[in-house]
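*Asks:* Before I ask anything, let me first share the structure, which is written out below as structure tokens.
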Amino acid sequence: MPTPPERINLYAAWFGILIGFATGTVEGLYFHDPSWLGGYASWTRRMLRLGHISLFGLAFIGLAFVLSVSYLKLEGKKVVISSWLFLIGQISMPLVCYLSAYRDDFRYLFFVPVLSLICGAVVFLDAGLRA
């Protein structure tokens with residue numbers, strides 16, 4: 001029996017929250033040092049902060065998706081497609097942020113999470129409005 005898409009998104013959201021706690025703990029050990037990773041305004045440090053907050057922010061989007069699908073009693077192909085698009089965005093956004101912190105050429109990959117999240121929202125809204 002296949003796992004319903006909202007169940008996958010629910011566990012992915014909680015996993016994102018857990019990873020957000022872990023990365024915040026590691027980064028928090030050094031935040032007091034004004035020169036850490038080139039200072040507060042450095043590219044590296046900004047990308048680490050963005051990656052950290054995206055873990056939480058996109059986890060909450062995942063939880064909103066799960067609650068919305070349940071509340072609206074949605075099902076079907078569009079729910080599955082939007083589920084996968086949100087998962088791609090939730091995984092790729094912090095990944096691209098952390099890779100960009102390592103090497104700024106990875107910033108050119110931001111279109112992957114951005115487009116997947118936008119398309120996920122569009123497909124979800126289409127599924128909900130046509131239900």
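*Asks:* For the chain, which span is the longest to avoid every loop-located (per DSSP) member of chymotrypsin sites (Phe, Trp or Tyr not before Pro) having at most 15 other Cβ atoms inside 10 Å?
*Replies:* Maximal segment without exposed cleavage sites: 41-109.
*Asks:* Return the sequence-ordered ³J(HN,Hα) values of segment 85-95 in whole Hz as given by the Karplus equation 6.51 cos²θ - 1.76 cosθ + 1.60 applied to θ = phi - 60°, using x for Gly and Pro.
*Replies:* Those phi angles translate into 5, 5, 5, 4, x, 5, 7, 6, 5, x, 4 Hz.
*Asks:* Also, quick follow-up: Using only alpha carbon pairs under 8 Å that are at least six residues apart, calculate the relative contact order of segment 5-129 and give it in whole percent.
*Replies:* 31 percent
*Asks:* Something else now. From the backbone phi of segment 53-63, what are the Karplus-calculated ³J(HN,Hα) couplings (6.51 cos²θ - 1.76 cosθ + 1.60, θ = phi - 60°) in whole Hz, Gly and Pro given as x?
*Replies:* 5, 5, 4, 6, x, 6, 5, 5, 5, x, 5
*Asks:* While we're on this one: Using the Karplus curve 6.51 cos²θ - 1.76 cosθ + 1.60 with θ = phi - 60°, work out ³J(HN,Hα) for each residue of segment 110-117 in order, rounded to whole Hz, and write x for Gly and Pro.
*Replies:* 4, 5, 5, x, 5, 5, 5, 5
*Asks:* Remind me, what semi-axes does the chain give for its equivalent ellipsoid, largest first in whole Å, using sqrt of 5 times each Cα gyration tensor eigenvalue?
*Replies:* So the equivalent ellipsoid measures 32, 15, 10 Å along its semi-axes.
*Asks:* Let me ask something else. What FRET efficiency comes out for the pair Ile53/Arg130, r = Cβ-Cβ distance, R0 = 41 Å, nearest 0.05?
*Replies:* 0.80
*Asks:* Per residue of the chain, what 222 nm ellipticity follows from adding -39500 (n - 2.57) for every DSSP H run with n ≥ 4, rounded to the nearest 500?
*Replies:* Taken over the chain, the calculation gives -27000 deg cm²/dmol.
*Asks:* Going toward the positive end of the dipole of the chain, with +1 on Lys and Arg Cβ and -1 on Asp and Glu Cβ, which of Leu48, Ala127, Leu58 do you reach last?
*Replies:* Result: Ala127.
No value in this document is a laboratory result; all are computed from the given coordinates. These figures come from a predicted structure and were not determined experimentally. Every residue, glycine among them, receives a Cβ derived from its backbone with ideal geometry; neighbour counts consider all protein chains shown.
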